[in-house]
Amino acid sequence: MRQIFQKLWSWEHLPIVSLVVLSLYRTLSHPVWLVLSGRGLPRSQDSDWYLNYAQGLLTNFSIQMNIDEILYLGYNLLLAGLLALFRDPVAIVYAQALVASLAIILVYQIGRILFNKRTGVIAGLFYLYNWDVTLWSTYVLSDSFFVSLLILCVYLLTKAVDSRQKTDIALFAVAAVYMLFFRPTGVVVAAVMLLHILVQLGRARLRRFLLRYRRVLAGAAAVIVLLLAAGYAGKIFDGFIESLQYNVKLVIYNVYAKGKIYDIPTAYDYFYRPDYSIDKLNSLSLSFIVNNWDSVSVLYVRRTVAFLGVWAWMTPLRTAADYLFYLYKLLPAILFAAGTMAAIRAGTFGRAAVLWGITLAVFAFCILLFIDAMYRYRFPAMPFIGIIAAYGLDRMINGGRILAAKTWSRTT
């Protein structure tokens, strides 16, 4: 035991051990404090729906073919399993807070592998002090577990690309498939990861892979096509298609048509008189966006600004203090831009491109749908924005150190 303790607290492991201890204290202690203080854990309508649905799975296992049950299948099954194990939703919150706390290890490892150790430490600190991590671990929602799973997928992808060992590839494949059915964002992120893999393989290696496994791939594709065709002919997917169309209508008529930036009305929305004509390929969504493109594009621009945070709307630029506040709030974006430029200059952008890909995918998801008022939909991008910003700060520190050394050498 003493040898294990000494090994953990060696100078080599001190940064990550310290990050884990701080993360456990900040993230895990918050729901514990909420319960012990008598305030109780926060609840939402979505939380009640998830818990009721999970309880229904335990009493009468049945999965309907609709978007809410299929694309959230992974989380619903996980929640049902945890509910069967712990029975108390409070214990489930403790479990997800523990997982979110320990995910800091993976954030550190991703930053260290893709960039350097100092970036890993800074990324861990950014993750540690990201309030979204602590906040969403206190709700019975898919967000906290999904982000932890997403971080795991990126770590396994990074290892698989580097080592090319079958074990690492298999672990990533399992995690990625699970993420695909965890929540709708997982579909978008999985597509980004697939694109990253194809780019990393390169044309020559991809061609060799396709030639080597052409029969297996062709057979798998044929089976998938046949299953989809049989399901479509048997009207198995009708419920899923109808629920998807219903959700699209909700977004078009309740969000787009009302010029909403968020999922609730605000003073920052863009009000206009929409054209509801359906005259483009008999598609409601395509017709609405094309016929109202001028107004929709303004809406997208406003959501782009809103993606930074609600502070972008609320603070007037009148005094020097206002400008300093904006500069402080823009610091993550500045560090993100610095990290991006540094990665391009250092030639590490391609290897770490999945970080930017996930950030862009989440950004597009928020811009095209809406940004929820509590910024839940932005949350999956935050750990990866933090890693990129950490690299930007690392390069600034390194540049400042070099500049200081040169200045010192000239004066002595």
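Taken together, the values in this text are just the output of simple stated rules run on the coordinates, not laboratory data. What you are looking at is a predicted structure, and each value in this text was computed from that prediction instead of being measured. Please note: Cβ atoms are built from the backbone with ideal geometry, for glycine as well, and neighbour counts cover all protein chains shown.
Shape verdict for the stretch 1-159, please, from the Cα gyration tensor: rounded (a/c under 1.5), prolate (a/b greater than b/c) or oblate.
Values: a/c = 2.28, a/b = 1.69, b/c = 1.35.
Here the stretch 1-159 falls in the prolate category.
Which order, highest average first, do 290-298, 183-191 follow once you tally other Cβ atoms within 10 Å for each residue and take the mean per peptide? Intermediate results must be reported in sequence, preceding the final value.
Working: 290-298: 15.0, 183-191: 20.1.
Descending packing order for the listed peptides: 183-191, 290-298.
Please report the orientation-averaged projected area of the stretch 38-99, defined via the convex hull of its C-alpha atoms, in nm².
Values: hull surface 19.0 nm².
About 4.7 nm², averaged over all directions.
If you compute P(r) over Cα pairs in 20 Å bins from 0, in percent for the structure shown, which of [x] 21, 55, 22, 2, 0; [y] 25, 50, 21, 4, 0; [z] 28, 58, 13, 0 do you land on?
Entry [x].
Please give, to one decimal in nm, the separation of the simple spin-label points placed at Ala312 and Ala404, each 7 Å out from Cα toward the Cβ.
My value for the distance between the label points is 3.4 nm.
By per-residue mean of other Cβ atoms within 10 Å, what is the highest-first order of 117-124, 402-409? Kindly include the intermediate steps, with their values, before the conclusion.
On the way: 117-124: 23.4, 402-409: 9.6.
Listed from highest to lowest mean packing, they are 117-124, 402-409.
Sum up the charges of everything whose Cβ sits under 13 Å from the Cβ of Met382, counting Lys and Arg as +1 and Asp and Glu as -1, but leave Met382 out. Don't jump to the answer; show the numbers that get you there.
Values: positive: Arg376, Arg378; negative: Asp132, Asp143.
It works out to a net charge of 0.
So how much slack lies between Lys117 and Leu286, counting 0.36 nm per residue of separation and subtracting their Cα-Cα distance, in nm? Provide the component values of the computation, followed by the final result.
Details: separation 169, 0.36 × 169 = 60.84 nm, distance 4.69 nm.
In short, 56.2 nm is gained.
Out of Ala353, Ala229, Ala91, any idea which swings most in a Gaussian network model of the chain, alpha carbons joined below 10 Å?
Result for the chain, Cα springs under 10 Å: Ala229 fluctuates most.
How far apart, in nm, are the 7 Å Cα→Cβ label points at Ser62 and Arg273?
4.8
I need to check one value: relative contact order of the chain, counting alpha carbon pairs closer than 8 Å and at least 6 residues apart, in percent. Could you put the intermediate results ahead of the total?
Numbers: 438 pairs, mean separation 75.9, N = 412.
Relative contact order, the chain: 18 percent.
Please report how far the C-alpha centroid of the stretch 265-343 lies from that of the stretch 66-110, rounded to the nearest whole angstrom.
One Cα centre to the other: 31 Å.
Can you count the Lys pairs in the chain whose Cα atoms are under 28 Å apart, with each pair 8 or more apart or on different chains?
14
Label points 7 Å out from Cα along the Cβ direction at Asp294 and Val188: separation in nm?
Once both label points are built, they end up 2.8 nm from each other.
Could you work out which residue, out of Val93, Val216, Val301, moves most in a Gaussian network model of the chain, that is, has the largest mean-square fluctuation with Cα springs under 10 Å?
Largest GNM mean-square fluctuation: Val216.
With the Cα gyration tensor of the stretch 159-226 giving a ≥ b ≥ c as the square roots of its eigenvalues, does the rule (a/c under 1.5 for rounded; else a/b larger than b/c for prolate; else oblate) give rounded, prolate or oblate?
Working: a/c = 1.67, a/b = 1.14, b/c = 1.47.
Verdict is oblate for the stretch 159-226.
Highest mean first, what order results for 38-46, 132-140 on Cβ atoms within 10 Å? Let's see the in-between values first.
On the way: 38-46: 11.3, 132-140: 22.6.
Taking the mean over residues of other Cβ atoms within 10 Å, the ranking is 132-140, 38-46.
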